[in-house]
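Have a look at the structure below, then the notes.
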Amino acid sequence: MIKTPILWSFRRCPYAMRARLAIKASGQAVALREILLRDKPEAFMAASAKGTVPVLVLLDGHVIDESRDVMFWALSQSDPEGWLDCYRQDETHVIAHLDALDNVFKHHLDRYKYATRYDDVDEVVHRTSGAKFLETWNDILGRQKGLSGETLGLLDYATLPFVRQFRIADPNWFDAQEWPHLHQWLNMFLASDRFAAIMHKYKPWKETGEDIAF
Ligand SMILES: N[C@@H](CCC(=O)N[C@@H](CS)C(=O)NCC(=O)O)C(=O)O
């Protein structure tokens with residue numbers, strides 16, 4: 001069997017999703033190990049003590065344990081769909097978008113979706129703050145096909161799993177908002193073969209001990 005990098009992953013994690021999306025787009029082969037966050041294997045913790053997914057262990061032992069870095073790694077191996085074009089055109093804009101998404105938007109998303117896990121949190125306040133991002137993205141998507149430009153790329157696939165989560169918190173509310181371009185963009189993604197390809201259900205590696213060719 002040909003040795004490939006190992007990707008520790010959790011199916012429903014939006015960070016792991018965007019890593020899997022970039023890996024699929026790059027065509028890079030990895031061995032996928034599905035984990036449960038409530039029952040993390042020792043071998044996973046040994047790879048990265050941070051204990052978050054995704055974690056990619058390269059053949060030389062190098063460990064990448066930030067989803068954004070996994071995306072950049074995969075696309076730097078091969079980028080047949082030009083996901084990094086937006087980065088080459090405007091690096092500052094791409095990093096600023098990713099920083100706002102991962103820090104500010106995610107902060108509001110967590111407090112909206114999981115309000116009961118936090119003390120003194122008003123979910124509507126956080127829904128409103130998150131919605132400001134979604135309105136801006138809807139406006140961009142009214143002018144161009146993707147957040148990355150005229151084709152979907154890094155910014156789209158880094159963002160889509162989080163917008164999907166925001167919708168899941170209250171689909172009726174989300175679908176009732178005046179965000180036609182955002183709705184279409186998300187629906188296209190959810191119906192895509194690419195999304196289906198990264199959402200297969202696998203048994204946890206801890207039970208099977210088997211790597212999945214991904
Ligand atoms: N900054 C990290 C965040 C990854 C992250 O927080 N993943 C969550 C799951 S969605 C996690 O593994 N949490 C650890 C836990 O719940 O124990 C990245 O971009 O990879």
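The values are calculated or read from the model by the stated rules, or taken from the named source; none is laboratory data. Predicted, not measured: the structure shown is a model, and the values here were computed from it. When we count neighbours, we look across all protein chains shown, and the Cβ atoms used for this are built from the backbone with ideal geometry, even at glycine.
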(message) Given the condition within 20 Å of the chain's Cα centre (by Cα), among the aromatic types (Phe, Trp, Tyr), modelled with pLDDT of 95 or more and under 21 Å from residue 24 (Cα atoms), answer yes or no: does some residue in the range 103-121 qualify?
(response) no
(request) Would you please name the residue that is nearest to the chain's Cα centre (by Cα), looking only at residues in the range 48-76 that are under 15 Å from residue 6 (Cβ atoms) and away from the ligand (no atom under 13 Å from the Cβ)? (result) 74
(request) Give me the pairs, please: first residue somewhere in the range 38-50 and polar (S, T, N, Q), second residue anywhere and surrounded by 10 or more Cβ atoms within 10 Å (Cβ to Cβ), beta-carbon distance under 7 Å, and either six or more positions apart or on two chains. (result) 48/55; 48/63; 48/65
(request) Residue by residue through the range 47-101, note down the ones that are of a type in the set (A, V, I, L, M), surrounded by fewer than 16 Cβ atoms within 10 Å (Cβ to Cβ) and under 30 Å from residue 136 (Cα atoms). (result) 95, 96, 100
(request) Could you list, in sequence order, all residues of the range 39-74 that are assigned to a loop (DSSP other than H, G, I, E, B) and polar (S, T, N, Q)? (result) 48, 52
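Which of the residues spanning the range 1-38 are part of a strand (DSSP E or B) and within 16 Å of the ligand (Cβ to nearest atom)?
If the condition is that a residue be part of a strand (DSSP E or B) and within 16 Å of the ligand (Cβ to nearest atom), then 6, 7, 8, 9, 32, 33, 34, 36 are the ones that fit.
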(message) Being without any contact (Cβ under 8 Å) to a residue 60 or more places away in the chain, hydrophobic (A, V, I, L, M, F, W, C) and in contact with a Phe, Trp or Tyr (Cβ under 8 Å, 6 or more places away or on another chain) is the filter here; which residues of the range 89-108 pass it?
(response) 100, 104, 105
